[in-house]
Amino acid sequence: MALPDSITTCLSQPVHYVICKLGFEKKDTYDINNILSGNGEVCWQTVTEHVCCLESDQSVDYIKSIRSLGPVCESVHLYFKSLTKEQFVIQYASWFHWTNCTEVFLEVFDVLQYTQATEVALGLMKLTSCLERALGDVYLLKGNDCPFLLRDLLASEQLADVFGQAVMNVLRVFIGSPHGLNLRNVLWHGFASPQEIPAKYCAMLLFLTAGLGQLLQTYLLQTKGVLIHRPYVTFISLEELDAFPDLNDEILSIAEELVKLSSFVLKTMLPFWISALTAFRQSRYADSVILLLPQLEVGLRLLFTTTNKCPNRLLTAEDFLWDFLNHQEGPRIRDRLSHGEINLETFPRKVANQIIGFAITILCRFSDEDMHSFKEHMVLKPLMNCASCYRSRFHPISRLKKQVLECMKSIHLWPELPRVPEEQVEKIKGLEGNDEANTVILMISEIISQLQHYMPQNFCSSDDPIDSVLTERLLVELCDTRICTLYSPRPVLEVVVLLRKISAQCHQVSQQVTAGAGLRYTQWVNKALRSRQRHNYRRMLNSIKFLSPVLRLILLLITLELVNVHSVCKKNPFDYQQYLKFLKSVLQYTENLVTYTSPEKNKWDETMELTKKTLIKIKKISDRKLMLMNLAT
């Protein structure tokens, strides 16, 4: 499926006019000395005079302001081009320290000397990202919970108190308002081609950032305040992001040919793609991802607007993009980069490798038939196979599967817990025969028999249904079942949230039992337990016998219900609400287990009674076919 060759811009006509023409209408030559003092400081009063207001409500008149500021921006651009790097560093470097990204702003100055369009656009994206992060740090001098959106941040009273409302209005002309130039958004969302971003606006934002540093220094001296920079976000569990093999020079060379031929790439955007691959080769991993993400967005956006519905071959692509860009428990790469939350200098190669690898598969999928030789190239086949087999890793459903298996691994370690031989533990009245524990285990066996119809045939109940059915192998097989994650309806997500809470509570119980058993054993060996504590230890050992199968049963129920989660949510509202009520009761049970098995409580007798009541409820609901597995049949 090709994108139309006739597309020459992704900007709407009004936006194209505002960015590419409006600021060039006034042909006046502006004297830089009007906005620059003798020692190089920004004369903010003069700059703010170029911001015009509407007569109706005194809000910013963006059209008039952009037109008025056009010659000022041109003057600033020419002024910076007249400076050597040494002169710029001496005069301005200290004014960028407040951003905690001085080097980024010095790089932007270098870019402006040569006015290479793609590098200017990249510099502007990095500048706005770092500036937003720094403004957020300033916001926190006076407020809590920094706004997520740049638009809201620039409109905040907190920043107006520090810099002045007139200064914030100047910034909003350039970034943060959809009515202004909105340079950050049109670049980060892939609307602007390199040629559509005037370098003079990049120069002006560099100039204004230095001016903000001057204002902030005065404010901090007056208030005796200290600007604290929030720590950068770091990617954890990088192995979870490992979807594509490492990209070598041969693959990158093929990719460089693909971008020139693939119908997925708009010709006006081609320089971004070439620069992204070049940046990756040069180990500038943050730059490569910053350049590429907006291009993936614009390409996929145009594909959706040229088709009536999403083609099947895009589904795995969407899974990948949701995982890497959107899901709250995923890396959220675009958000973190565009809001300045990541240290650009230490951006991991592994993350960039995944984005570039994914992009190459998209180029292949949406390419012309005469590119068959490229698609069938042996070097690309591993990439294409990885893309076609990709499963979401950060969707709540995927995270629940991971939770269940981690909890099961934890419970499977219980037999290895150190424990005193039973013959060494004094008998406690009422527990000699483990009658209550045996009753619980019998109830679990009966429930397992009811669930046989909903499990794979190779997991049949034997003489010991608990150890033959409630196994990690069964859960692994069930969790391997494909479950649709794209566009999950609200009822599905509601159920998944409850199941995740139940699983988390089970895991906490397991961890508490593990820690408690180890501590009590050590105390027993060291003869550090009083009489009452010895009795409680005996109760704990007795409870472990039934708690393990109980928790494994709950994990099995969670997994079976997850496998059929879409079916239950399609049933009538009454059945669905009854089912939610049941899940909430199981959650309440696991929450109580967490309390009773905590080192502060150690209520093992109560644990037994609570468990029996809950198992009766599970069996009763199972009999009435109100559990999800039954609703799905």
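Conditions (1) open to solvent by less than 10 Å² (accessible area, probe 1.4 Å); (2) more than 24 Å from the chain's Cα centre (by Cα); (3) without any contact (Cβ under 8 Å) to a residue 12 or more places away in the chain; (4) over 19 Å from residue 195 (Cβ atoms), marked per residue:
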residue: 259; (1), (2), (3), (4): yes, yes, no, no
residue: 262; (1), (2), (3), (4): yes, yes, no, yes
residue: 268; (1), (2), (3), (4): no, yes, no, no
residue: 291; (1), (2), (3), (4): yes, no, no, no
residue: 296; (1), (2), (3), (4): yes, no, no, yes
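Within the stretch 564-620, the residues that satisfy the criterion of being in a loop (DSSP other than H, G, I, E, B) and free of Cβ contacts under 8 Å to residues at least 24 places away in the same chain are 570, 572, 600, 601, 603.
For the stretch 463-493, give me each residue that is among the acidic types (Asp, Glu) and either open to solvent by 70 Å² or more (accessible area, probe 1.4 Å) or outside any helix (DSSP H, G or I) (or both).
Answer for the stretch 463-493, where residues must be among the acidic types (Asp, Glu) and either open to solvent by 70 Å² or more (accessible area, probe 1.4 Å) or outside any helix (DSSP H, G or I) (or both): 463, 464, 467, 477, 480.
Taking residue 79 as the residue in question, decide whether it is in contact with a helix residue (DSSP H, G or I) (Cβ under 9 Å, 6 or more places away or on another chain), touching a residue at least 40 places away in the same chain (Cβ under 8 Å) and more than 27 Å from residue 189 (Cβ to Cβ). When the stated conditions are applied, residue 79 passes them. Pairing residues of the stretch 476-503 that are in the same structural domain as residue 576 (by the TED database) with residues that are surrounded by 19 or more Cβ atoms within 10 Å (Cβ to Cβ) and among the acidic types (Asp, Glu), at Cβ distances under 8 Å and at least 6 apart in sequence or on separate chains, gives 485/319; 486/319; 495/561; 499/561.
Please determine whether any residue of the stretch 102-110 is of a type outside the set (Val, Ile, Thr), in contact with a helix residue (DSSP H, G or I) (Cβ under 8 Å, 6 or more places away or on another chain) and assigned to a loop (DSSP other than H, G, I, E, B). No. Within the stretch 43-64, residues that are in contact (Cβ under 8 Å) with a residue 40 or more places away in the chain reach partners that are assigned to a loop (DSSP other than H, G, I, E, B) and of a type in the set (Ser, Thr, Tyr) with beta carbons closer than 8 Å, at six or more positions or on different chains, in the pairs 60/177; 62/177.
Picking from residues in the stretch 1-37 that are of a type in the set (Gly, Ala, Ser) and open to solvent by less than 90 Å² (accessible area, probe 1.4 Å), the one that is modelled with the highest pLDDT is 23. When the stretch 375-418 is filtered for residues that are among the aliphatic types (A, V, I, L, M), open to solvent by 20 Å² or more (accessible area, probe 1.4 Å), in a helix (DSSP H, G or I) and not assigned by the TED database to the domain that holds residue 322, only 405 remains.
Residue 372 passes every criterion in (1) modelled with pLDDT under 90; (2) assigned to a helix (DSSP H, G or I); (3) closer than 30 Å to residue 123 by Cα apart from (3).
The values are calculated or read from the model by the stated rules, or taken from the named source; none is laboratory data. Note that the structure is a prediction, hence the values are computed from the model and not measured. Glycine also receives a Cβ, built like all others from the backbone with ideal geometry; neighbour counts cover every protein chain displayed. SASA here: full protein model, heavy atoms, side chains in, ligands and nucleic acids out. Shrake-Rupley method; radii C 1.70, N 1.55, O 1.52, S 1.80 Å.
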